[in-house]
Amino acid sequence: MTIDHMKGHTNLGVGIGLRVPHYTHILEKKPLVDWFEIISENYLVDGGRPLQILDSILEQYRVVQHGVSLYFGSTDVLNREHLRRLKALIKRTKTPFISDHLCWGSVDGTYTHDLLPLPYTFAAARHTAKRIRAVRDRLEIPILVENVSSYAEFHASEMTEWEFLTEGRRAG
C-alpha cells in the first residue's frame, strides 16, 4: 500500500469484484490481487456461508465495500437497521471506505431495488449532500459516491451532471 503525497490518498493497488462463482478458485489458488470489492448487501446477514467465505477471504486479503441501497437521493428517513448492519460489516471487514450510488430507490418505505437517477436541481444537491454527511457520520468512515448512468434528462434539471456533482460537494 502506497500513499499519494500529492493528494493524501492511500493507493490500495489493484482490486476485483468478489463473486460467488469465484469463491473456490480464490480460496484454493490464492490469486495475486491486492483486494476484493464486495457488495455490502450480500453480507448483511447474521451467519451462514456468505460470512464464512468472507471471513476466509479476510484472512488473506483486504476487502472494500460497495453498496447498492443507501439511496442518497431518497426522501425516506435513513434506515437505521440497515446502517447498523452496515456498520457491523464495516468493523468486520476493516474496509478503509465504502462506496454507493448517487440515486434514489425508495418511497414511503417501499424499496424499488433499482438505482434511479436524480434530477439535477439545487434542492436535490443539498438534500443528497445532507444525507451523505449523515451516513458518513453514522458509519464513521469515508464514503465514495458513484454517479448513476442516466440516458434521459429531467425537465426539472437546473444544471448538468458535472455541475450537480460539484454543487453537491459545495453543499456538503
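Here are some notes:
- Tabulated pairs, the range 80-107, first in contact (Cβ under 8 Å) with a residue 12 or more places away in the chain and closer than 17 Å to Gly15 by Cα, second of a type outside the set (Gly, Ala, Ser) and open to solvent by 40 Å² or more (accessible area, probe 1.4 Å), C-beta under 6 angstrom, 6+ apart or interchain: Phe97/Pro142; Phe97/Leu144; Ser99/Leu144; Ser99/Glu146
- When the range 11-21 is limited to residues that are in contact (Cβ under 8 Å) with a residue 12 or more places away in the chain and in contact with a strand residue (DSSP E or B) (Cβ under 6 Å, 6 or more places away or on another chain), the one that is surrounded by the fewest Cβ atoms within 10 Å (Cβ to Cβ) turns out to be Gly17.
- Sole exception among (1) under 22 Å from Gly17 (Cα atoms); (2) part of a loop (DSSP other than H, G, I, E, B); (3) open to solvent by less than 20 Å² (accessible area, probe 1.4 Å) for Val68, by number: (3)
- Residue match in the range 22-37 (condition: within 18 Å of Val145 (Cβ to Cβ), within 14 Å of the chain's Cα centre (by Cα) and either without any contact (Cβ under 8 Å) to a residue 12 or more places away in the chain or surrounded by 13 or more Cβ atoms within 10 Å (Cβ to Cβ) (or both)): yes
- Tally of residues being within 17 Å of His127 (Cα to Cα) and among the aliphatic types (A, V, I, L, M) across the range 97-113: 2
- Flag for Arg85 being buried (at least 17 other Cβ atoms within 10 Å of the Cβ) and either assigned to a strand (DSSP E or B) or basic (Lys, Arg) (or both): yes
- Residue in the range 151-160 that is under 25 Å from Leu18 (Cβ atoms) and of a type in the set (Gly, Ala, Ser) present: no
- Check on Leu51, in contact with a helix residue (DSSP H, G or I) (Cβ under 7 Å, 6 or more places away or on another chain), of a type outside the set (Ser, Thr, Tyr) and surrounded by fewer than 15 Cβ atoms within 10 Å (Cβ to Cβ): no
- Any chance Ile98 is surrounded by 19 or more Cβ atoms within 10 Å (Cβ to Cβ) and β-branched (Val, Ile, Thr): yes
The values are calculated or read from the model by the stated rules, or taken from the named source; none is laboratory data. No experiment lies behind these values; they were computed from the predicted model shown. Using ideal geometry, Cβ is built from the backbone for each residue, glycine included, and neighbour counts are taken over all protein chains shown. With ligands, DNA and RNA removed, areas are computed over all heavy atoms of the protein, side chains included. Shrake-Rupley method; radii C 1.70, N 1.55, O 1.52, S 1.80 Å.
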